[in-house]
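Participant: Quick one: the structure is below, questions incoming.
The values are calculated or read from the model by the stated rules, or taken from the named source; none is laboratory data. What you are looking at is a predicted structure, and each value in this text was computed from that prediction instead of being measured. Glycine also receives a Cβ, built like all others from the backbone with ideal geometry; neighbour counts cover every protein chain displayed. Keep in mind that these areas ignore ligands, DNA and RNA; they rest on the heavy atoms of the full protein, side chains included. Shrake-Rupley method; radii C 1.70, N 1.55, O 1.52, S 1.80 Å.
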Amino acid sequence: KITQTPRQGTMPRIIGRSVRVVDHGGVAIDEYAGNAATKDDTLSIATVRVSQPSAEPWLTLHYDEWICVTKGFIELHTETSEGVEGKALTVKEGETAFIAKGERFRPVFPQGGTEYVPICLPAFRPDRCIREEEEGGEVSTRLKTFHSDINSETVQDGSDSSDPKEVLYHMCQKELYESAAATGEAYFPPTFEKDGMFTHATAVPSRLITTANHFYTSTKGDWICLRLSRSALMRLGIKTVDEEAKPVGETAVGDTWDWVCPHIFGGLPTSVPGVITKIYDMKRSPDGKFLSIEGLTD
């Protein structure tokens, strides 16, 4: 009989135990693997029990998530590129839904007694999940508490911060931006003064397509998307305030836009390193419709 000595690390072993990370408003979340339970950022596995009808705020994830429903059912709400809410996807007991990184959605629990297992890759962290709720929300506060000792890592495309809204995006006409950059001056949107002396932005890049098709389809020419650092702007004395969506010029926002939008109270410095961290081209159809942000939403 030939036996082999097991290599170190190949034997089954206990790596942690469950941690109750949320217990509020009829929602209880126990993490079994991940940053809170096992101090491992590879992936996270949890159980969620919803004891009464409720709903999450709109969420945008910086990870892929599998939602495995073990009891009851969940409705996953999404919006079209025009900002109109589409038909909800119902995930029933025994079914698994997949939510891709960058997708904006809203989980709704029509009945109590629903249970599911969320699996996140990489692991869940508060800075990877944008929750469109009031600052200081109980669930967000609780999650941040359990993840407060985790070193911040890349949120998206190399931006380093534990703030889920550190990475901002602004779209603009390529010609206007390049004109400012060529002289080293700050870029100001054409409606900067009329809008209230601020520059519109978002922490959710896919939302720019909805916004562009609402405001700018009649504006010809090439458009680009600027990726910005909120903290780098603040170091220059340019403050960003999260507010409700506001008009651009004379055009009102969409009827269904219950968004939280970052408003940058100043222009965008084009010659200061670290402020504009990347530039993406925006793709349009021949009739002027905005289709995607190349390398970001396509």
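Participant: Mind ordering 204-215, 277-288, 167-178 by average Cβ neighbours within 10 Å, highest first? Can you show the working numbers first?
Facilitator: Details: 204-215: 21.2, 277-288: 14.4, 167-178: 19.6.
Most protected by this proxy first, the peptides run 204-215, 167-178, 277-288.
Participant: So, one more: Ignoring ligands, DNA and RNA, what accessible area per residue does segment 163-235 give at 1.4 Å, in Å²?
Facilitator: For segment 163-235, the solvent-accessible area averages 43 Å² per residue.
Participant: Ok, one more. Treat every Asp and Glu Cβ in segment 173-298 as -1 and every Lys and Arg Cβ as +1, leave all other atoms uncharged, and give the resulting dipole magnitude about the Cα centre to the nearest 20 debye.
Facilitator: Magnitude of the dipole: close to 320 debye.
Participant: Once fully extended, how much extra length lies between ASP40 and PHE265, figured as 0.36 nm per residue of separation less the alpha-carbon to alpha-carbon distance?
Facilitator: 77.2 nm
Participant: I would also like to ask the following. With r defined as the distance between the Cβ atoms of PHE98 and ILE15 and R0 fixed at 25 Å, what FRET efficiency is calculated, to the nearest 0.05?
Facilitator: Numbers: r = 25 Å, r/R0 = 1.02.
For R0 = 25 Å, the calculated efficiency reads 0.45.
Participant: Please report the base-10 log of the normalised intensity I(q)/I(0) for segment 56-133, using a Debye sum with one equal scatterer per alpha carbon and no solvent, at each q in 0.15, 0.22 (1/Å).
Facilitator: Result of the Debye calculation: -0.51, -1.08.
Participant: Moving to a separate point now. Could you please state how large a percent of the accessible area of segment 163-298 is carbon and sulfur, counting protein chains only and using a 1.4 Å probe?
Facilitator: Carbon and sulfur: 50 percent of the exposed surface of segment 163-298.
Participant: What is the extension gain from VAL272 to SER54, computed as 0.36 nm multiplied by their sequence separation minus the C-alpha to C-alpha distance, in nm to one decimal?
Facilitator: Here the segment from VAL272 to SER54 would lengthen by 73.9 nm.
Participant: Just to be sure I understand the curve: with the Debye formula and one point per C-alpha of segment 190-298, what is log10 I(q)/I(0) at q = 0.16, 0.17, 0.22 Å⁻¹?
Facilitator: -0.78, -0.89, -1.43
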